[in-house]
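*Asks:* My questions will all concern the structure given below.
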Amino acid sequence: MSNWQELEHKYFMSTVERVPVTLVRGQGARVWDEDGREYLDFVGGWAVNSLGHCHPVVAKAVAEQAQTLIQTSNQFYTIPQIHLAELLVQNSCLDKVFFCNSGAEANEGAVKLARRYGKLHLNGAYEVITAMGSFHGRTLAMVAASGQSKFQQPYVPLPVGFINVEYNNIEAIKAATTNKTCAVMLEPVEGEGGVNLPDDNYLAAVRAWCDQTGILLILDEIQTGIGRMGTLFAYEQYGAEPDIMTLAKGLASGVPIGAILAKERASVFTPGEHGSTFGGNPLACAAGYATLKFIIDNDIAGNAKKVGQYLVTGLEGLRQKFQFVTDVRGRGLLVAMEFSSDIAQSVVMTCLDRGLLVNRLKPNAVRFIPPLIISNDEVDEALGILDVALSSIS
Ligand SMILES: Cc1ncc(COP(=O)(O)O)c(C=O)c1O
C-alpha cells in the first residue's frame, strides 16, 4: 500500500470504498497513477468529465478566469454566469437559471422552488412524488427523495414531503397525487439506481398528468444531461419538457457546478428566498461555458450517440459470448452490463489490473460512463480488456 492510501485511512472519514489506485494526472479519456501506469477511463469522474480530462478548451478558460476574477458575491453582476445562463436557455426549453455547486444542491433548490410554487399557486401543496430506485443526492431531503432504503435507513427520521412510488408506472404517480402534491421529480433514466430505462411513453404520460393536475414536472438531468444520452438533454428523446430541470456533473467537465433551470411560470423565487455563496462564481461558470459551448458547437452529443451505439453493440457481443452476462442496457454513453451473480467487484478489479477503469454499479452490475469525446478505437480497446477480464472470471 502506498503512503497516500495509508494517509487517507488516517485522515479521512470512511464514506467510500475506494479502488486502490492513486490518480495523479489525466488527459482525454486517460488517467495515470502515481507510478505512471496508464488507464483508459470509463468512469469519467462518475459521468462528470464530459470533455475528458483537462480538455484544452476548459483548461484555458479556467486558467484565464483564475487570473481575472475567481469569486465575488452574488450581490454583484458577473459576466461568466450570464454567458452560461444565456447559453443554457438558448439551447433548452427552459427560461431562467439559478447556479449552485452540486447536484444535490440543485435538486434541493428545485424542490424549494416547487414548494414555493405550491404555496403561491396550489393552495400550499408541498409534497413531491419521486421514484423508487432514484438517486437525487446526499442531503437529508434528497435522501428522502431518493427512493432507495439503503440511503434512507441510516438517517431516519427523514424530512417529510416525499412520496416514493414505483418507477416507470404512471398509475402509481396518479394514485399518489393528492391536493398536497406540488410536483413529480424524476430522472429520465435512473443512473445510479441501475441505468433503468423507462418505457418510451412514460415521461410523456407523466407530463400529460402534470398538465392535467397543474402540478410541476421536475426532471433531474444531473446524470443524463449535457449530451450523455446522445442529445443535449434526455427530455428531448422522451417528448416531455420539464417545468424545472436540474444539472450538475458534466456541465463544467469536472469543475464543481450545479444549475436549476425553470420555465418562466415556474420561476417563482423572489430576492432572498434562495441563494448561494459560491453558486455562479466566475471560475465555475467560465468552465461551464467553455464546456457547453464546445459540446454544442462540435455535436459532442452526436458523438455520444454514435459511440454509445458502438459500445452497446460490442457489449452485446460479449453477452453472447459469456452466459453469465445477463443484460446490456443504456443509451448514449450511459450504459450498464448486468451479471447473473455478484461479480461486479471482481470485474472492476480485473479490468483495473489490465488498465481499464469501470464503475461498480451494483454487486451484480457495472456501469460505463466515459467522457463523451471517446472514439470507437477507445471503445475497442475497452472491449478487448473487458473480454479478457470476463474470460478470466468465468
Ligand atoms: C441523477 C443524480 N442526481 C443527483 C446526484 C447528486 O449529485 P452530487 O453528487 O453532485 O450532489 C447524482 C449523483 O450521482 C445523480 O446521478
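The values are calculated or read from the model by the stated rules, or taken from the named source; none is laboratory data. Keep in mind it's a predicted model, so treat the numbers as computed, not measured. Backbone-built Cβ (ideal geometry, glycine too); neighbour counts: all protein chains shown. Calculation scope for accessible area: heavy atoms of the full protein, side chains included, ligands and nucleic acids excluded. Shrake-Rupley method; radii C 1.70, N 1.55, O 1.52, S 1.80 Å.
*Asks:* Give me the aspartates and glutamates in straight-line cross-link reach of K263: C-alpha distance below 12 Å, same-chain residues under 8 apart excluded.
*Replies:* Filter leaves D95, E241, D243.
*Asks:* Under the Kirkwood approximation for Rh and a Cα-based Rg, what ratio Rg/Rh is obtained for the chain? Show your work: numbers first, answer last.
*Replies:* Values: Rg = 20.8 Å, Rh = 21.6 Å.
A ratio of 0.96.
*Asks:* Counting only helical runs of four or more DSSP H residues, what would the 222 nm mean residue ellipticity of the chain come to if each run contributes -39,500 (n - 2.57) and the total is spread over all its residues? All intermediate terms of the calculation are to be shown ahead of the outcome.
*Replies:* Numbers: 14 runs with 154 residues, N = 394.
My calculation for the chain gives -12000 deg cm²/dmol from helical runs alone.
*Asks:* Each label point is 7 Å from the Cα along the Cα-to-Cβ direction; what then is the distance between the points at K119 and K150, in nm?
*Replies:* 3.7
*Asks:* Which lysines, if any, have their Cα less than 19 Å from the Cα of K362, not counting same-chain residues under 8 positions apart?
*Replies:* Partners found: K150.
*Asks:* Separate question: As an exercise, take the mean of 1/r over every pair of distinct alpha carbons in segment 209-285, invert it, and state the Kirkwood radius in angstroms. Provide the component values of the computation, followed by the final result.
*Replies:* Working: mean 1/r = 0.0721 Å⁻¹.
Result for segment 209-285 stands at 13.9 Å.
*Asks:* In addition: May I ask you to list the aspartates and glutamates whose Cα is less than 14 Å away from that of K174, ignoring any residue fewer than eight positions away on the same chain?
*Replies:* Excluding near neighbours in sequence, the set is E127, E166, D211.
*Asks:* If exposed means no more than 15 neighbouring beta carbons inside 10 Å and the site is in a DSSP loop, what's the longest run of the chain without any exposed GluC sites (Glu not before Pro)? It would help to have the intermediate numbers written out before the result.
*Replies:* Numbers: sites that count: E17, E34, E166, E273.
Here the longest run is 35-165.
*Asks:* Something else now. If you count only protein heavy atoms and use a 1.4 Å probe, how large is the accessible surface of K112, to the nearest 10 Å²?
*Replies:* Approximately 90 Å² for this residue.
*Asks:* Could you tally the net charge around S276, taking each other residue with its Cβ under 14 Å from the Cβ of S276, Lys/Arg +1 and Asp/Glu -1? Walk me through the numbers on the way to the answer.
*Replies:* On the way: positive: K112; negative: E105, E108, E273.
Taking every Cβ under 14 Å from that of S276, the sum is -2.
*Asks:* Also: What whole-number volume per residue, in cubic angstrom, does the convex hull of the C-alpha atoms of segment 50-152 give? Please report the intermediate quantities before stating the final value.
*Replies:* Values: hull volume 17.4 nm³, N = 103.
So the per-residue hull volume is 169 Å³.
*Asks:* Taking the Cα atoms of segment 322-382 alone, what are Rg (to one decimal) and Dmax (as a whole number) in Å?
*Replies:* 11.5, 32
*Asks:* Work out from phi, with θ = phi - 60° and the Karplus expression 6.51 cos²θ - 1.76 cosθ + 1.60, the ³J(HN,Hα) of each residue of segment 99-107, listed in order in whole Hz, and give x for Gly and Pro.
*Replies:* With coefficients 6.51, -1.76 and 1.60, one gets 9, 9, 10, 7, x, 4, 5, 5, 5 Hz.
*Asks:* Which semi-axes, in whole Å and largest first, does the equivalent ellipsoid of segment 293-350 have when worked out from the alpha carbon gyration tensor as the square roots of 5 times its eigenvalues?
*Replies:* Values: eigenvalues 156, 31, 13 Å².
Taking √(5λ) for each eigenvalue gives 28, 13, 8 Å, largest first.
*Asks:* Counting only DSSP beta bridges with both residues in the chain, what percent are antiparallel, rounded to the nearest 5? Present the calculation step by step, with values, prior to reporting the outcome.
*Replies:* Details: 31 of 48 bridges.
Rounded to the nearest five, the antiparallel share is 65 percent.
*Asks:* Something else now. Tell me, what % of the accessible area of the chain is carbon and sulfur with a 1.4 angstrom probe? All intermediate terms of the calculation are to be shown ahead of the outcome.
*Replies:* On the way: 9220 of 17310 Å².
Carbon and sulfur together cover 53 percent of it.
*Asks:* Which pairs, out of K119/K305; K112/K306; K96/K119; K10/K112; K60/K249, put more than 30 Å between their alpha-carbon atoms?
*Replies:* K119/K305; K112/K306; K10/K112, as the Cα separations exceed 30 Å there.
*Asks:* I'd like the accessible area for D380: 1.4 Å probe, protein heavy atoms, all chains in place, Å² to the nearest 10.
*Replies:* D380 exposes around 70 Å² with every protein chain in place.
*Asks:* Quote the convex hull volume per residue of segment 155-277, based on C-alpha atoms, as a whole number of Å³.
*Replies:* 154
*Asks:* Additional query: With all distinct Cα pairs included, what does the Kirkwood hydrodynamic radius of segment 259-379 come out to in Å, to one decimal, could you say? Provide the component values of the computation, followed by the final result.
*Replies:* On the way: mean 1/r = 0.0576 Å⁻¹.
Here the Kirkwood hydrodynamic radius works out to 17.4 Å.
*Asks:* What do you reckon, how do H53, H136 stack up by accessible area (1.4 Å probe), largest on top?
*Replies:* Numbers: H53 30, H136 5 Å².
Result of the area sort, largest leading: H53, H136.
*Asks:* Normalise the Cα radius of gyration of segment 1-84 by 2.2 N^0.38 Å (N = residues in it) and let me know the number. Mind showing how you got there, number by number?
*Replies:* Numbers: Rg = 17.2 Å, N = 84, 2.2 N^0.38 = 11.8 Å.
Rounded to two decimals, the normalised Rg is 1.45.
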